[in-house]
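Novice: Please find one structure pasted underneath; my questions will follow.
The values are calculated or read from the model by the stated rules, or taken from the named source; none is laboratory data. Values in this document were obtained by computation on a predicted structure and should not be read as measured data. Using ideal geometry, Cβ is built from the backbone for each residue, glycine included, and neighbour counts are taken over all protein chains shown. Please note that ligands, DNA and RNA were not included when accessible areas were found on the heavy atoms of the full protein model with its side chains. Shrake-Rupley method; radii C 1.70, N 1.55, O 1.52, S 1.80 Å.
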Amino acid sequence: MAAQSTLREPHDPLLALYDHYATLVKSRVRGASRLTKLLSTITLLFSIIGAGYGSRRWYRSRRAEKETGRRLLRRNSALKNKDGSRTIYVPYRDSTSKVVINPTKPTTFDAHRRLFLQPPRAARMQDATDPQAPPPQTKPGLNLAFLHQFLSLLNIMIPRWNSKETGLLVSHGVFLMLRTYLSLVVARLDGEIVRDLVAGNGKAFLWGICKWLGVGTFSSYTNAMIKFLQSKVSIAFRTRLTRYIHDLYLNDHLNYYKLSNLDGGVGQGADQFITQDLTLFCASAASLYSSLGKPFVDLCVFNYQLFRSLGPIALTGLLSNYFLTATILRKLSPPFGKLKAVEGRREGDFRALHSRLIANAEEIAFYGGDQMEKHFLERGFKDLKHWMEGIYSLKIRYNMLEDFVLKYSWSAFGYLITSLPVFLPAWGGLNATPELPGNSGIEKQGRERNRMKDFITNKRLMLSLADAGGRMMYSIKDLSELAGYTSRVYTLISTLHRVHADAYSAPPGTRPELYSVSDIQGTVHRGFDGLRLEHVPVVAPALHPRGGDELLESLSFIVHSGEHLLITGPNGIGKSAVSRIVAGLWPVYRGLVSRPRSIGMDGIMFLPQRPYLSTGTLRDQVIYPHTAVDMKDAGRRDSELHAVLEEAKLGYIPDREGGWDTKKVWKDVFSGGEKQRVGIARLLYHEPRYAFIDEGTSAVSSDVEGLLYERCKAKGITLITISTRASLKRYHTHLLSLGLGESGEEWEFQRIGTASEKSSVEKELAELRERLAKVEEWKTRRTKIEEELKRVWVEGGEELSPPPYAETVDVGSEEGSREESAVSEMSPVNQEDVGHDDAVEEHEGQVIGSGGGEGLFNSSSSWNPAHRPL
């Protein structure tokens, strides 16, 4: 044992350095004057007082910060800093925790664009038909494409060498190295304990047990820290990628809308990619650091130790065993990367079915479509189940091969290697010496005990080495699964970059398809005081790379401040498409669109057909998309919000719901009319110069609707309304009729109240009276046809009863009944009051605003002699 105590040096240089400086300080303190002592005392006193004052200030600032956090958390808001970052407060125990979120710079997106849209040729990810983005059919696997994808994502996860993630990885690596060192200590200690046990040395045996427990305590702490740091690395990676994707996904470019409605590169949506695939990728990437880095270090250290103990023959055999095992497993391994990628896609499809069911639960309940939806869900789950069963069946055979090779074959090979010092002492290691025949019995017994110690130590090292090698071989499967997750996340980010940069182009040597996303040639002018469209085709876009469907060939009109426009026309003609083009949701394929620069105050605001209510407080529903901090910065107060609700005829809402800070699922609380009036309240709160209202008052009564429109006009808001209600004409100055222009025109723009506008109404009413005059003629014709059908005889002389289609064979009969009802409704109206009386406007709403081919003036419902029954 004395030979093992050589670690203690007679003169420790660190201890000598400490003694030198300690003696120097003591000598200076002894020789210091009284003045120096007094100054030191005063300095110490001021330091104590300053520290106490600083602690008090720190306590006050911390208390104020906690109060700010509670207030912002209660109001569902955050702080915007001058550098563009945001400060949010999240619940933490009994208080809140402050989190600062720094936005991703546009220059970072520009620098990363080449990684995701222009991969190197060596990665073999480019497609001749679309060279600016990697094709989605790139097969995930252990290849150069996977290496490029992973390194590209690594630039996002670790942006700088001095980042937080680098510190976590270094700390993780330190603990991994420490565990390797502890494995060596445990192996040697195991051999010493067995040697002392065989020798009967009780004192040394008990001391070895104590050292074993001490090393075990430290090893337990090391293992726990390794798992903890691996989880921290996974969360840090996920935080970086999530914020990067959110900054690229949610911005002024409307990528969140265009991703699924124009590009379609990620299927039904990005939710599955961001929530599940991203989580699995980060967890797999964080475990890769320990599952590959730690075994690699273990292999190097343990192989060196075994080389010293067992010699070069053993090392050569170990290395040959590694390469042979890796080759066998690599050749016989199923394509886990591709299988995992397909599984993730099918998981997303199944999740989308459930999301659609939740979003449309009320409509499905009204139709009674539960069985149909159940059929869709069961079919989606059946596809997913069959695919996962196929993966599990492949894993059975692979796991059998893997366990036999890594556990039993490697163990047998390990016993052969550790037996070399026993049976072949000359080849047993660098320090091995052949046994001499003339040795005494005591020396022979000592050598046997040392041989036992060496065997136990080598066995422990071989077990650790086998574990490290097994983890290296198991990591082949983990790498294949990581390749699948990497492909999914890389596809999402590359598609987002393509949408953000509008990087669409036709294949080389071909022209882009008409009205596709690569055929956008229009111009959008922001900063115009008004709304102007010049020769803009209204096209419903299709997913890339197909071309869209043209609704209107060319649309042109201009609206200045104070000129209120009503857009009307049948369903499917493109009324809502105009608002989508102006808002930037749909591309401007040709022509010019001029609009205000901003959205909100002094800009333009859009109210969609379906009212949207966000999560948060009642205050958030009125000021959306502002937050409580934006409202405070603008100098607005809750009393003003109450006045806004009074103007929108919702003044009772705060008292009914429990105050402005109440949080509920508001889409289930408000009725249809209340939801639309909340939209009008947002309009009155923001007070934009221009407002696009798309069927924004269809669920509101006529009297309240008129009050809302008058109030908006009184606040100086120029209204652009999309509606089929002709009664809204009185609140507008111009009319844009789509699909109802004279002489077959696609659209007609005119001022309300002019002679041409009145003449068009009179012409429509005259056509209505002309058609109503033919009702009696149609009835007479129907009676004759029925009499003709009753006189039909068949062979055998039996008279047939009227056929079942006799009641529906006459197309004019249905229109006759409809027009009779129209006559009864129009009977109180005088011809002289056409275009002037309110009742005529209501009947005009029935004629023009019937929508979708049910109006009497729709050409598809007009009577045609060719429709007469035979």
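Novice: Can you tell me how segment 554-689 classifies by the Cα gyration tensor, rounded, prolate or oblate, using a/c under 1.5 as the rounded cut? Numbers along the way, then the final one.
Specialist: On the way: a/c = 2.29, a/b = 1.77, b/c = 1.29.
Prolate, since a/c reaches 1.5 and a/b exceeds b/c.
Novice: Using a Förster radius of 51 Å, what is the FRET efficiency between ALA412 and ALA506 based on their Cβ-Cβ separation? Nearest 0.05, please.
Specialist: Using R0 = 51 Å, I get an efficiency of 0.25.
Novice: Please list ASP703, ASP630 in order of solvent-accessible area, largest first, computed with a 1.4 Å probe with all protein chains present.
Specialist: ASP703, ASP630
Novice: Could you pull the accessible area for TYR624 with a 1.4 Å probe, rounded to 10 Å²?
Specialist: Accessible surface of TYR624 is approximately 80 Å².
Novice: Considering only the other residues whose Cβ falls under 11 Å of the Cβ of TYR515, what net charge follows from Lys and Arg at +1 and Asp and Glu at -1? Each step should come with its number before you reach the end.
Specialist: Details: positive: ARG546, ARG590; negative: GLU513, ASP519, ASP549, GLU550.
Cβ neighbours under 11 Å give a net charge of -2.
Novice: Another question, if that's okay. Kindly state, to the nearest 0.05, the FRET efficiency for HIS535 paired with ILE391, given R0 = 45 Å and r defined as their beta-carbon distance.
Specialist: Taking R0 as 45 Å, the efficiency between HIS535 and ILE391 is 0.25.
Novice: Running Debye on segment 208-325 with equal point scatterers at the Cα sites and no solvent, what base-10 log of I(q)/I(0) appears at q = 0.10, 0.15, 0.22 Å⁻¹?
Specialist: Log10 I(q)/I(0), no solvent term: -0.59, -0.87, -1.17.
Novice: How charged is the neighbourhood of LYS340? Take every other residue with its Cβ under 9 Å from the Cβ of LYS340, and add Lys/Arg as +1 and Asp/Glu as -1.
Specialist: 0
Novice: Among PHE273, VAL215, ASN255, which residue has its Cα furthest toward the positive end of the charge dipole of segment 185-280, with +1 on Lys/Arg Cβ and -1 on Asp/Glu Cβ?
Specialist: Checking the options against the dipole of segment 185-280, the answer is VAL215.
Novice: Multiply the residue gap between GLU787 and SER355 by 0.36 nm, knock off their C-alpha separation, and tell me the result in nm, one decimal place. Let's see the in-between values first.
Specialist: Working: separation 432, 0.36 × 432 = 155.52 nm, distance 5.67 nm.
Result for the pair: 149.8 nm of gain on full extension.
Novice: While we're here: PHE296 to ASN571: extension gain in nm, 0.36 nm per residue of separation minus the Cα-Cα distance?
Specialist: Stretched fully, the PHE296-ASN571 segment lengthens by 92.3 nm.
Novice: Go through ILE396, ILE604 and list them by solvent-accessible area, largest first, probe radius 1.4 Å.
Specialist: Result of the area sort, largest leading: ILE396, ILE604.
Novice: Can you give the FRET efficiency for LEU197 and VAL174, using 1/(1 + (r/R0)^6), R0 = 41 Å, r = Cβ-Cβ distance, to the nearest 0.05?
Specialist: Values: r = 34 Å, r/R0 = 0.84.
With a Förster radius of 41 Å, E is 0.75.
Novice: Students often get this wrong, so check it: of LYS232/LYS331; LYS385/LYS663; LYS258/LYS632; LYS575/LYS675; LYS258/LYS340; LYS164/LYS294, which have C-alpha atoms separated by over 29 Å?
Specialist: LYS232/LYS331; LYS385/LYS663; LYS258/LYS632
Novice: Summing Lys, Arg as +1 and Asp, Glu as -1, what charge do residues with Cβ under 13 Å from the Cβ of GLU534 carry, GLU534 excluded?
Specialist: Result for the neighbourhood of GLU534: +3.
Novice: Tell me the label-point distance for the pair GLN276, ASP661, using the 7 Å Cα-to-Cβ offset, in nm and rounded to one decimal.
Specialist: It is 3.9 nm.
Novice: Further, regarding this structure: Which one of GLN230, SER290, VAL301 has its Cα pushed farthest toward the positive end of the charge dipole of segment 225-372, where Lys and Arg give +1 and Asp and Glu give -1 at the Cβ?
Specialist: Most positive-ward Cα: VAL301.
Novice: What residues qualify as long-range amide H neighbours of GLY600, i.e. H under 5 Å apart, gap of 5 or more or another chain, H built at 1.01 Å from N?
Specialist: MET605
Novice: Roughly how many nanometres apart are two label points built 7 Å out from the Cα toward the Cβ at TYR181 and LYS779?
Specialist: 10.6
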